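Peer 1: Dropping the structure in here first, questions after.
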Amino acid sequence: MASRASRIAAVAREIFGTLPNRGVRTGLQFLKKPLIGPYINRFYLEPIEPAARVTMPSYTSELQQRRLDKLRVLRQRGKGPPKKGSGKRSK
């Protein structure tokens, strides 16, 4: 049978919303920490390229334009990728 002190402690925990202090690991320390998700979402902005391509189909980002220029230069030198179906193992 639970003693009167333990019953009072149990009722007090229910009323005040506290946890027992018996050396039990509850993870409350991590639950009390503020969430970092909103901060991360604010730091990494959403890219504008998908929305820009919807409104302007001819839109190309600087990175994509740089890739296309490099590919054009490589193809002029004969170092670009082979056309589809004409690779090394084709018959």
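Peer 1: Roughly how many debye, to the nearest 20, is the charge dipole of the chain about its Cα centre, given +1 on each Lys and Arg Cβ, -1 on each Asp and Glu Cβ, and no other charges?
Peer 2: With only Lys, Arg, Asp and Glu charged at Cβ, the dipole is about 900 debye.
Peer 1: Give me the base-10 log of I(q)/I(0) for segment 1-59 at each q in 0.12, 0.16, 0.29, 0.30 Å⁻¹, Debye formula, one uniform scatterer per Cα, rounded to two decimals.
Peer 2: So the normalised log intensities are -0.59, -0.75, -1.13, -1.15.
All of the numbers you see were taken from the coordinates with simple rules; none came from a lab. Here the structure is a predicted model, which is why all the values come from computation and not from measurement. Reconstructed Cβ throughout: ideal geometry from the backbone, glycine too, with neighbour counts over all protein chains shown.
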